């Protein structure tokens, strides 16, 4: 069976060489002309989109068809910004919602993308037929349709996914304050809201809320160590100076927000009573 397939491939290659020798066209100018025309089309599309963006948008009030000319200056101290990936990564972004940390996240980040990539690389070496009519390639046609539908669905779901974690946790702040007993400490309450909004609960847990990732500890009673609000503010500013090279620095929150966050952590001494 293997020798028969090898003979067929050799025969096909021989016929291909004969066809090229008999009817083939030189690279210059034919193939070079095709590449030049296609490159010109791509450049024209980019220029056209740039013109549409520029002439349909007016400042920041009217975003036009493709977005505003400019957006407000970034605020490094913001507590309500939700980072999102570029649109062409939305399908991977949504895969992380399907495959949860820590049990199955490796499937969404490594398994599925690499399996699909391996299939795409191996496909030209597996399918050696010269037939190109779609009607005679039902398996390839169905596989292509499934891939397009899956990618389109995941991209759409990723684009429309709501990041409600911060707002949901913020609603828990009064409960945290009551349980921990810092209702009369406005800085601690404000710090709890910052904790809920900036994504701390993506790695830490607090009174049963959040996710325990990357070995991050529960912070429900972190203030019981009595190290003071200044220490916690300094720690969050640059964790690496305390030997923590996993947690990112939050110096961009600004001194005022960091002080409030430190007051919240210092007031978190565990549930009362």
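Bear in mind these aren't lab numbers, they're just calculated from the coordinates by the rules spelled out. A quick note: this is a predicted structure, and the numbers were derived from the prediction, not measured. A quick note on method: Cβ atoms are made from the backbone with ideal geometry, for glycine too, and the neighbour counts reach across all protein chains shown.
Neighbour counting of Cβ atoms within 10 Å sorts the residues 14, 260, 157, fewest neighbours leading, into 14, 157, 260.
Would you mind classifying the stretch 218-266 by shape? Square roots of the alpha carbon gyration tensor eigenvalues, ordered a ≥ b ≥ c; an a/c under 1.5 is rounded, otherwise it is prolate if a/b is larger than b/c and oblate if not. Note, shape of the stretch 218-266 comes out oblate.
Take 207-220, 116-129 and order them by the average number of nearby Cβ atoms within 10 Å per residue, most first; the result is 207-220, 116-129. For the chain, the longest principal axis of the C-alpha atoms and the axis of helix 255-267 are separated by about 70°. Cα axis of helix 2-23 to longest principal axis of the chain: angle in degrees, 0 to 90, nearest 10? Roughly 70 degrees between the two axes. Among 39, 268, the order by Cβ neighbours within 10 angstrom, fewest to most, reads 39, 268. Using a Gaussian network model of the chain in which every pair of alpha carbons under 10 angstrom is joined by a spring, one finds that among 69, 175, 204 the greatest mean-square fluctuation is at 69. Roughly speaking, what is the centre-to-centre gap between the stretch 184-250 and the stretch 104-162 when only Cα atoms are used, to the nearest Å? Using only Cα atoms to place each centre, the spacing works out to 41 Å.
Take every Cα pair under 8 Å whose residues are at least 6 apart in sequence, average their separation, divide by the length of the stretch 83-162, and the relative contact order is 56 percent.
Taking every Cα-Cα distance in the stretch 166-267 and sorting them into 10 Å bins starting at zero, the pair-distance distribution P(r) comes out as 16, 54, 28, 1 percent.
When only Cα pairs below 8 angstrom with a gap of at least 6 residues are kept, the chain shows a relative contact order of 15 percent. When mean projected area of the Cα convex hull in nm² is calculated for this entry, the matching label among [x] 24.5; [y] 29.7; [z] 14.6 is [x].
Calculated FRET efficiency, residue 226 to residue 183, Cβ-Cβ distance, R0 = 25 Å: about 0.75 to the nearest 0.05. The calculated P(r) of the stretch 83-162, using every Cα pair and 5 Å bins from 0, goes 3, 13, 18, 21, 17, 11, 9, 5, 2, 0 in percent.
Relative to the dominant Cα principal axis of the chain, helix 112-126 is inclined by about 10°. Listing 206, 235 from fewest to most neighbouring C-beta atoms within 10 Å gives 235, 206.
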